[in-house]
Amino acid sequence: MESSQRRKSGLNLPAGMNETSLRLETSSPSSPCSSSFRSISISSPRMISSLSSPSSSKSTICSDRFIPCRSSSRLHTFGLMEKESPAKEGGNEAYCRILKSELFGSDFGSCFSPAGQGSPMSPNKNMLRFKTEHSGPNSPYSPSILGHDSGFSSEASTPPKPPRKVPKTPHKVLDAPSLQDDFYLNLVDWSSQNVLAVGLGTCVYLWTASNSKVTKLCDLGPNDSVCAVQWTREGSYISIGTNLGQVQVWDGTQCKKVRTMGGHQTRTGVLAWNSRILSSGSRDRNILQHDLRVSSDYVSKLVGHKSEVCGLKWSHDDRELASGGNDNQLLVWNQHSQQPILKLTEHTAAVKAIVWSPHQSNLLASGGGTADRCIRFWNTTNGHQLNNIDTGSQVCNLSWSKNVNEIVSTHGYSQNQIMVWKYPSMAKVATLTGHSFRVLYLAMSPDGQTIVTGAGDETLRFWNVFPSMKTPTPVKDTGLWSLGRTYIR
């Protein structure tokens, strides 16, 4: 009886099942993918009969096709499930809807749209882009080890430029016996002809960098001592400041004294040349302007400091002279006035370290002593302080690279370090250590790549700090001279 009923209906049903018990239900609207399969229905028994194999046995079970569970398919791993993004400016929603329907079918957009929202999603820019899942903490490919987040950014990120490497050790060390540990003296200078001058006790020695030849320039005798040395810009003549207040000018190539000039009452600790004028600063608080073309000892006197003058620098255009003193003042003078045009009093300690920028006019940097520890930058056009940074230790010297826009500073109490800074960010490029005393002396080679530092530990150390002007490549840890320690006298 049951078999005859199955033949009449045209359905091949298993034993114990009749036609009335067979019912296909559509997914509920709350199902995330119900709309995709809402069109699947049984229109007539003949449709099911046509899908059934005529040779099927009575035990064959008829069921719908397999539908995978999308919640466990990890579609987000392949970037198929995108988050809703706000409509971009100038976007065409109608065009996006039509394009998505043509590419993925009319039901694609509704399947992946959030429930309750009828607006189509923006097209996924990263279709089938595989994203690496977060690895466990013990994985060798853990993002914490590699230093980046899992996955790749949709925008190609440019890798940061690696910082320039500066050798941490000097490539040459010279012994400099009797190099004084006095903050107010300036005993080292490097000429444009690649000759280093050093004041040691009562003598001045010249060290030729090209062949390491040492020449004794002069000896002031037992009653005097060297307090300052400074080459002319051409590098042929050198001026010497003495403890008795004299200013001597020598021919560096012939080792012959050209002239002696007086005027100071006590030691002359700092000297500065411009194209024609030699300026000297003294413990007597005065600045004298010397002109070798006239017979008098000096042509003008600048009075403004209340204590010893220990810093002097002419601007590169010869228009302004900056002076620093033990009275914590930084003064700026011009060629036509006997009074300072600027009085900068923000420093709280002696101002010895002074440098003008070779890259920007009217930009001046100064450094303060132990109680101040700051490097300050000034616009000498209006006297405004542009920036200041606390270095943490006494600032003894400043030098501005002509090859790159960077500054090197040497320090005393309490760290005795050498620091290289990038301007104007003042980010630290390198910190160099090696001196056991305050790094009181600093000079730069004529090519702008090497600096020499001197300290009370009676050593001169040569450091490759800056790149060359033509090829700004990382400085190699090999110098012009061989490694090792030699004597300067």
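Right, Asp284: modelled with pLDDT of 95 or more, under 30 Å from Tyr205 (Cβ atoms) and not small (Gly, Ala, Ser) or not? Judged against the criteria, Asp284 is a match. In segment 368-380, is there at least one residue being touching a residue at least 40 places away in the same chain (Cβ under 8 Å), more than 20 Å from Ile287 (Cα to Cα), exposed (fewer than 14 other Cβ atoms within 10 Å of the Cβ) and touching a Leu at 6+ places or on another chain (Cβ under 6 Å)? No: segment 368-380 contains no residue that is touching a residue at least 40 places away in the same chain (Cβ under 8 Å), more than 20 Å from Ile287 (Cα to Cα), exposed (fewer than 14 other Cβ atoms within 10 Å of the Cβ) and touching a Leu at 6+ places or on another chain (Cβ under 6 Å). Do you know which of the residues in segment 401-417 that are in contact with a strand residue (DSSP E or B) (Cβ under 7 Å, 6 or more places away or on another chain) and either closer than 15 Å to Ile389 by Cα or without any contact (Cβ under 8 Å) to a residue 24 or more places away in the chain (or both) is surrounded by the fewest Cβ atoms within 10 Å (Cβ to Cβ)? Applying the filter and picking the extreme gives Glu406.
What about Val198, is it open to solvent by less than 10 Å² (accessible area, probe 1.4 Å) and more than 30 Å from Val429 (Cβ to Cβ)? It is false that Val198 is open to solvent by less than 10 Å² (accessible area, probe 1.4 Å) and more than 30 Å from Val429 (Cβ to Cβ). Ser295 meets the conditions (1) in contact (Cβ under 8 Å) with a residue 24 or more places away in the chain; (2) outside any strand (DSSP E or B); (3) among the polar types (S, T, N, Q) in every case but one. The failed one is (1). Here Asp318 meets each of (1) open to solvent by less than 30 Å² (accessible area, probe 1.4 Å); (2) assigned to a loop (DSSP other than H, G, I, E, B); (3) over 25 Å from Pro358 (Cα atoms) with one exception, condition (3).
Scan segment 173-193 for residues that are crowded, with 16+ Cβ neighbours inside 10 Å and of a type in the set (S, T, N, Q) and report the count. Residues that pass the stated criteria total 3. Within segment 306-323, the set of residues being within 19 Å of Ser239 (Cβ to Cβ) and among the small types (Gly, Ala, Ser) comprises Gly311, Ser315, Ala322, Ser323.
In this structure, does Ser393 turn out to be outside any strand (DSSP E or B) and open to solvent by 20 Å² or more (accessible area, probe 1.4 Å)? The answer is no for Ser393. Candidates are the residues of segment 244-253 that are over 42 Å from the mean Cα position of the chain (by Cα) and part of a loop (DSSP other than H, G, I, E, B); the one that is surrounded by the fewest Cβ atoms within 10 Å (Cβ to Cβ) is Leu244. Scanning segment 332-351 for residues that are within 18 Å of Asn388 (Cβ to Cβ) and either open to solvent by less than 20 Å² (accessible area, probe 1.4 Å) or not in a loop (DSSP other than H, G, I, E, B) (or both) turns up Val332, Leu342, Lys343, Leu344, His347, Ala349, Ala350, Val351.
Within segment 263-315, being farther than 26 Å from Ser192 by Cα, surrounded by 15 or more Cβ atoms within 10 Å (Cβ to Cβ) and either out of contact with any strand residue (DSSP E or B) (no Cβ under 7 Å at 6 or more places or on another chain) or charged (D, E, K, R) (or both) holds for Arg267, Arg283, Asp284, Arg285, Asp297, Glu308. The combined condition, being aliphatic (A, V, I, L, M) and either modelled with pLDDT under 95 or part of a loop (DSSP other than H, G, I, E, B) (or both), is not fulfilled by Ala365.
The values are calculated or read from the model by the stated rules, or taken from the named source; none is laboratory data. Owing to the predicted nature of the structure, the values given are computational and were not obtained by experimental measurement. No Cβ is skipped: glycine too gets one built from the backbone with ideal geometry, and neighbour counts run over all protein chains shown. Ligands, DNA and RNA are excluded from the accessible area calculation, which covers all protein heavy atoms including side chains. Shrake-Rupley method; radii C 1.70, N 1.55, O 1.52, S 1.80 Å.
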